[in-house]
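K.L.:
Below you'll find the structure I mean.
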Ligand code: G3P
Ligand code: CA
């Protein structure tokens with residue numbers, strides 16, 4: 001059954017594009033290679049959602065850079081996890097009430113030095129919150145992006161802006177390699193909106209569970225109408241859940257997996273890939289599982 005599901009996925013990917021970049025088809029275990037997603041960049045090593053953390057994610061062999069999007073008062077998309085600036089800048093306020101100019105004055109790196117003194121670096125002091133454009137200027141089109149529309153109900157028009165920017169940077173569209181950009185959200189409405197604007201963009205539905213996760217056939221069918229995968233907290237995942245999801249042809253990406261034992265367990269259970277603050281650890285796990293002399 002598992003082979004059929006993987007074959008279905010491969011056919012889906014082939015159907016979507018001749019170039020299967022989303023997940024190099026690996027001969028290892030006869031299945032799709034596990035996808036390593038740098039969660040907020042390599043955020044276990046450097047301040048999350050800074051160009052430093054994204055750069056480190058690439059150096060540490062992350063396949064994708066994960067970006068959470070918020071929108072400023074003047075309509076700029078920025079990379080930040082929280083709706084407020086409080087946790088990562090030492091100041092207080094809602095992003096939606098601040099202009100880009102105001103946000104650019106903030107220090108988004110020093111908090112990390114205080115929170116993780118053993119990892120502190122003078123390089124992190126004074127780092128700015130990047131705009132999406134700055135991230136794409138620096139890393140696209142040689143990188144892959146897993147972009148989350150955060151709190152889309154707070155930011156009307158966020159999806160249109162995102163699609164416009166991705167088009168402007170030539171990162172989406174029929175001519176593009178399928179899977180270079182994946183868009184994810186907890187909001188069904190946001191994903192459906194994106195799907196309406198451009199059906200060719202692979203979408204991942206994020207799901208919240210109070211563990212353990214259970215999914216019905218009708219929920220799976222609904223998600224299949226617009227998305228290619230699901231994401232959920234790794235502690236909610238079970239082998240049965242993974243089997244059901246992957247048998248339907250959906251991919252599955254648990255978050256946020258930072259310990260090697262959990263990474264190994266999830267790979268054994270057959271996840272498509274995972275979000276981690278430590279892409280270096282996940283890469284070591286993936287490499288250690290490759291058959292010798294490959
Ligand atoms: O996007 C997957 C995961 O990042 C969702 O959780 O809160 O870290 O954005 P969060
Ligand atoms: Ca996220």
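K.L.:
Of everything in the stretch 55-95, what is within 16 Å of ligand 1 (Cβ to nearest atom), surrounded by fewer than 23 Cβ atoms within 10 Å (Cβ to Cβ) and under 18 Å from residue 144 (Cα atoms)? Give them in sequence order.
P.N.:
68
K.L.:
Considering only the stretch 120-142, I want to know if a residue exists there that is closer than 20 Å to residue 49 by Cβ, within 16 Å of ligand 2 (Cβ to nearest atom), in a loop (DSSP other than H, G, I, E, B) and without any contact (Cβ under 8 Å) to a residue 40 or more places away in the chain.
P.N.:
no
K.L.:
Looking at 262, 268, 280, which one is within 16 Å of ligand 1 (Cβ to nearest atom), more than 15 Å from the chain's Cα centre (by Cα) and not in a loop (DSSP other than H, G, I, E, B)?
P.N.:
Working: 268 fails: within 16 Å of ligand 1 (Cβ to nearest atom); 280 fails: within 16 Å of ligand 1 (Cβ to nearest atom).
Exactly one residue qualifies, and that residue is 262.
K.L.:
Among the residues of the stretch 235-259, what is the count of those that are outside any loop (DSSP other than H, G, I, E, B) and in contact with a helix residue (DSSP H, G or I) (Cβ under 6 Å, 6 or more places away or on another chain)? Steps first, answer last, please.
P.N.:
Looking only at the stretch 235-259, we keep the residues that are outside any loop (DSSP other than H, G, I, E, B), and these are 235-236, 239-247, 251-255.
Right, trim to in contact with a helix residue (DSSP H, G or I) (Cβ under 6 Å, 6 or more places away or on another chain) and you get 239, 242, 246-247, 252, 254.
Residues meeting the conditions: 6.
K.L.:
Tell me which of these residue 160 doesn't satisfy, since it passes every other one: (1) more than 16 Å from ligand 2 (Cβ to nearest atom); (2) buried (at least 16 other Cβ atoms within 10 Å of the Cβ); (3) within 30 Å of residue 176 (Cβ to Cβ).
P.N.:
(2)
Each reported figure results from applying straightforward, stated rules to the coordinates on display, with no laboratory input. Remember, predicted model here, so these are calculated numbers, not experimental data. Here Cβ is always computed from backbone atoms with ideal geometry, including for glycine, and neighbour counts include all displayed protein chains.
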